[in-house]
Amino acid sequence: MSGDDHTHNHDDHHHGIGGHSHAPVSFGRAFAIGIALNTIYILAEVFYGVAAHSLALLADAGHNLGDVVSLGAAWLAAFLVRRAPTSRYTYGLGAASILAALGNAVLLLIVTGGIAWEAIRRLITPEPAAGMTIMVVSAIGIAVNGVTALLFAAGRKDDLNIKGAFMHMASDAVLALGVLIAGGLILLTGWQWLDPAVSLVVSVAIVIGTWSLLRDAVNLSLNAVPSGIEQAKVESFLGEITGVNEVHDLHIWGLGTTETALTAHLVLVDGADGEGLLRRLPTALKERFKIGHCTVQLETPETARICAVRPAHVV
């Protein structure tokens, strides 16, 4: 006997888990404005970074490029998540958000590696940098990133994608402030080594922020249990349901960066209300663990004894 809560799940899919799928409707303009402003600013940073011989500006431009990609990926993923499943992509295209996160992390690390290499070279052989140009461009960056962050401020408490966009832009404003301070110190002291030193600090910040993104993206691509969910607690919860005698073949994985799926075999005691369990379980899993897609197979003690996937080592 199997239970499939697809009707409930597809309703959740359209209404969103924690409001995630509302982003394209409520924040589409915010994404467009944020991407446009930051793209223009990146071009200005690259131009004036080269003109002023400022590696700090170029490092910040590399970071901002990654954030533009992140904004674009979040916007695209929010759109793709809403696409209906097809006969080929039976879960829809939610996993595109995993690919976007993985590609974004790899791109950021490659760009950061190049910046760090050049920064080390310039620490050994300093080159003059125009402190005033650095300060002006960085001040503009604080304004651009601050305004972009405010565009997402209203939704950061209800939507993980929106919160991510807000945090990226807010952190960029702080990093731009660091570059501005470096430009001021160069003007006051003439210490040209400050420019590559700040670029190294920015590079370290990028690596720290990117590492968790890369780790989570790789884990999700390998069907790992999403962060924030403990399989042992889910298994314990299922095992404590009235009428359930045993849980086996439990699998939990991410359908994308915002949705989670579960499959499990539940062995019922004689006389247990299997139909009632199937009606209640999807809502309980959604409310307790934010698992929006579940497929459960109900078994009797007799059928469980011959279940091929009952042993713990069998996948």
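Taken together, the values in this text are just the output of simple stated rules run on the coordinates, not laboratory data. Predicted model, so just to flag it, every value in this text is computed and none were measured. A quick note on method: Cβ atoms are made from the backbone with ideal geometry, for glycine too, and the neighbour counts reach across all protein chains shown.
Summarising the amide proton neighbourhood of N245: residues at separation of 5 or more, or on other chains, whose placed amide H is nearer than 5 Å comprise V267, L268, V269.
Over segment 19-221, Cα pairs under 8 Å with separation of 6+ residues give a relative contact order of 30 percent. Arranged from fewest to most other beta-carbon atoms within 10 Å of their beta carbon, H313, H265, H251 become H313, H251, H265. Adding -39500 (n - 2.57) for every DSSP H run of four residues or longer, then dividing by how many residues the chain holds, sets the calculated 222 nm ellipticity at -22000 deg cm²/dmol.
Annotation for segment 21-101: chymotrypsin sites (Phe, Trp or Tyr not before Pro) lying in DSSP loop with at most 15 further Cβ atoms inside 10 Å of their Cβ are Y89, Y91.
In order along segment 255-262, the Karplus-derived 3J(HN,Hα) couplings, from 6.51 cos²θ - 1.76 cosθ + 1.60 at θ = phi - 60°, round to 6, x, 7, 10, 10, 10, 10, 9 Hz, and Gly and Pro are given as x. Axis of helix 55-81 versus longest Cα principal axis of the chain: the two differ by about 30°, to the nearest ten degrees.
Of all segments of the chain bounded by trypsin sites (Lys or Arg not before Pro) found in a DSSP loop with no more than 13 other C-beta atoms within 10 Å, the longest spans 158-315. The angle between the Cα long axis of helix 28-51 and the longest principal axis of the Cα atoms of the chain comes to about 30 degrees, rounded to the nearest 10. Across segment 231-305, the relative contact order, built from alpha-carbon pairs under 8 Å that are at least six residues apart, equals 30 percent. Put simply, the C-alpha atoms of segment 35-84 give a gyration tensor, and the ellipsoid matching it has half-axes of 30, 9, 5 Å, longest first.
Based only on other Cβ atoms within 10 Å, what is the fewest-to-most ordering of L108, L187? Please list the in-between numbers first.
Values: L108 24, L187 13.
Least to most surrounded, the residues fall as L187, L108.
Would you work out the relative contact order for segment 39-113, in percent, from Cα pairs under 8 angstrom that are 6 or more residues apart? Could the numbers behind the result be given before it?
Details: 57 pairs, mean separation 20.8, N = 75.
Relative contact order comes out at 28 percent.
When both segment 183-238 and segment 289-315 are represented by their alpha-carbon centers, they are found 37 Å apart. Distant-in-sequence amide contacts of W193, defined by a placed amide H-H separation under 5 Å and a gap of 5 or more residues or a different chain, comprise nothing. Remark: the chain projects, on average over all directions, an area of 18.4 nm² (convex hull of Cα atoms). Rounded to the nearest whole Hz, the Karplus-based 3J(HN,Hα) values (6.51 cos²θ - 1.76 cosθ + 1.60, θ = phi - 60°) of segment 263-268 follow the sequence 10, 6, 9, 10, 8, 9, with x at glycine and proline. The C-alpha atoms of the chain define a longest principal axis, and helix 160-189 lies at about 20 degrees to it.
Close amide-amide hydrogen proximity is noted between L298 and S2, G3, L266, each under 5 Å apart and 5 or more residues distant or on a separate chain (H modeled in the peptide plane; Pro and chain starts excluded). Computed from backbone phi, the HN-Hα couplings of segment 298-312 come to 9, 10, 8, x, 5, 6, 5, 5, 10, 5, 5, 9, 5, x, 4 Hz, rounded to whole numbers (Karplus: 6.51 cos²θ - 1.76 cosθ + 1.60, θ = phi - 60°; Gly and Pro given as x).
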